[in-house]
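**Student:** Okay, here's the structure, questions in a sec.
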Amino acid sequence: MKISNDENTLKAGDRGPALMEDFHFIEKQMNFDQERIPERVVQARGFGAHGEFELYKSMKQYTKACFYKNQGQRHPYLFVRFSKLQGNKGSSDTTLGPRGFSTKFYTAEGSYDLVALSFPVFILNDAFKLADAIHALNPEPHNDIPQASAAHDNFWDFVANNQASVHFIMWTMSDRPAPRSWRMMEGDSINTFQFVNKNGKAIFVRFHWKPDLGVHSLLMEKALTIGGNSILCKHFTFNSEN
Ligand code: HEM
């Protein structure tokens, strides 16, 4: 029911006290006080883009999905959300770490979702420990530091006790954790998927995203400076071509 007035509290007289019987006022205050907009536990900071999908080569021998059938077919209903694995939604865009992107194809046969990371390997090979890995990566609860960074013992204790994460760590030490732009990073589905064609024949597939602009990364100093690390600005000079 639309209420007639949700801007002025019920009062006794023009300038009188507010009245407890104004339950609309009470309800509005209560809703506001309890309001919490939950943040994603991972990939919290992200950006979206609408786009289109063009099929360069028919995949119909492998899959019966409509948008993989006809070569040259353009599929205009696509949405991608690019995001950073770690860091809260207010963290800076150029912190070092894997990027993710989730692609949603709105097809005549329903929505088709694909997630990818900018690294070809994952931090674990057993999903059971993902929560522990993220808890180890998350900032200290008492001061929310380090934000969007692995610079604390928790994380390295986790790595030391989980050798499966070493390959992922090698990638974090490469130039890949600081992409120059969302359009200049590769993507990998990491997970293996299954295509089934109209004869019911199944094959395993993985998805790789190769950017037309090529892979380009920021130097660490530039990534930190763009991200607002003023202390660093003073110590490093760089020219815009780096
Ligand atoms: C054990 C494995 C994994 C777990 C438990 C996990 C869990 C999650 C959770 C809880 C979210 C937040 C969802 C939300 O609140 O909307 C998320 C987001 C995401 N994950 Fe994972 N994840 C796993 C593996 C992966 C892998 C292997 C990839 C990439 C290949 C990936 C890519 C992403 C992306 C791109 C997002 C952001 C989705 C969006 O933009 O809406 N994750 N994941």
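The values are calculated or read from the model by the stated rules, or taken from the named source; none is laboratory data. Everything numeric in this text was worked out from a predicted model, so none of it was measured. For neighbour counting, all protein chains shown are included, and Cβ atoms are generated from backbone atoms with ideal geometry for every residue, glycine included. Just so you know, the surface numbers come from the protein's heavy atoms only, side chains and all, with ligands and any DNA or RNA stripped out. Shrake-Rupley method; radii C 1.70, N 1.55, O 1.52, S 1.80 Å.
**Student:** Looking at the range 35-163 from every direction and averaging, what is the projected area of its Cα convex hull in nm²?
**Tutor:** 11.0 nm²
**Student:** Note down the magnitude of the dipole of the chain about its Cα centre, charges +1 on Lys and Arg C-beta and -1 on Asp and Glu C-beta and zero elsewhere, to the nearest 20 debye.
**Tutor:** Rounded to the nearest 20 debye, it is 1300 debye.
**Student:** If you take the Cα Rg of the chain and divide it by 2.2 N^0.38 Å, with N the number of residues, what do you get?
**Tutor:** For the chain, the normalised Cα radius of gyration comes out at 1.37.
**Student:** For the pair Q34/Y62, report the inter-label distance in nm, with labels modelled 7 Å from Cα in the Cβ direction.
**Tutor:** Using points 7 Å along Cα→Cβ, the separation is 4.9 nm.
**Student:** If you don't mind, another one. What is the dipole size for the range 1-134, taken about its Cα centre, with +1 at each Lys and Arg Cβ and -1 at each Asp and Glu Cβ, in debye to the nearest 20?
**Tutor:** Dipole magnitude for the range 1-134 comes out near 860 debye.
**Student:** Right, next: Taking the Cα atoms of the range 5-106 alone, what are Rg (to one decimal) and Dmax (as a whole number) in Å?
**Tutor:** 24.9, 78
**Student:** Please give the solvent-accessible surface of M30 in Å², to the nearest 10, using a probe radius of 1.4 Å with every protein chain present.
**Tutor:** 100 Å²
**Student:** Leaving out ligands, DNA and RNA, and with a 1.4 Å probe, what % of the accessible surface on the range 1-44 is carbon or sulfur?
**Tutor:** Summing carbon and sulfur atoms, their accessible area is 54 percent of the total for the range 1-44.
**Student:** By per-residue mean of other Cβ atoms within 10 Å, what is the highest-first order of 216-225, 14-23?
**Tutor:** 216-225, 14-23
**Student:** Additional query: Please work out the C-alpha center-to-center distance from the range 25-94 to the range 165-179 and express it in whole Å.
**Tutor:** 24 Å
**Student:** So what is the relative contact order of the chain, in percent, for Cα pairs below 8 Å that sit 6 or more residues apart?
**Tutor:** Computed value for the chain: 16 percent relative contact order.
**Student:** Something else now. I'd like to compare 88-101, 186-199, 145-158: which one has the highest average count of other Cβ atoms within 10 Å, and what's the full order after that?
**Tutor:** Sorting 88-101, 186-199, 145-158 by mean packing, highest first, produces 88-101, 145-158, 186-199.
**Student:** Further question: Length gain on complete extension for the stretch L10 to D153, per 0.36 nm per residue less the alpha carbon to alpha carbon distance?
**Tutor:** That pair, L10 and D153, stretches by 46.0 nm at full extension.
**Student:** Which listed residue (W156, A127, F204) has the Cα farthest towards the positive end of the charge dipole for the chain, taking +1 on Lys and Arg C-beta and -1 on Asp and Glu C-beta about the Cα centre?
**Tutor:** Farthest towards the positive end: F204.
**Student:** Can I ask one more? In cubic angstrom, how much convex hull volume per residue do the alpha carbon atoms of the range 115-172 span?
**Tutor:** Hull volume normalised by residue count: 95 Å³.
**Student:** Determine ³J(HN,Hα), in whole Hz, for all residues of the range 188-199 in sequence, where each value follows from phi through the Karplus function 6.51 cos²θ - 1.76 cosθ + 1.60 and θ = phi - 60°; x replaces Gly and Pro.
**Tutor:** Using θ = phi - 60°, the values come out as 9, 6, 6, 5, 9, 10, 10, 9, 10, 8, 5, 8 Hz.
**Student:** Further question on the same structure: 222 nm [θ] for the chain, helices only, -39500 (n - 2.57) per DSSP H run of 4+, per residue, to 500?
**Tutor:** Calculated at 222 nm, the ellipticity per residue is -5500 deg cm²/dmol.
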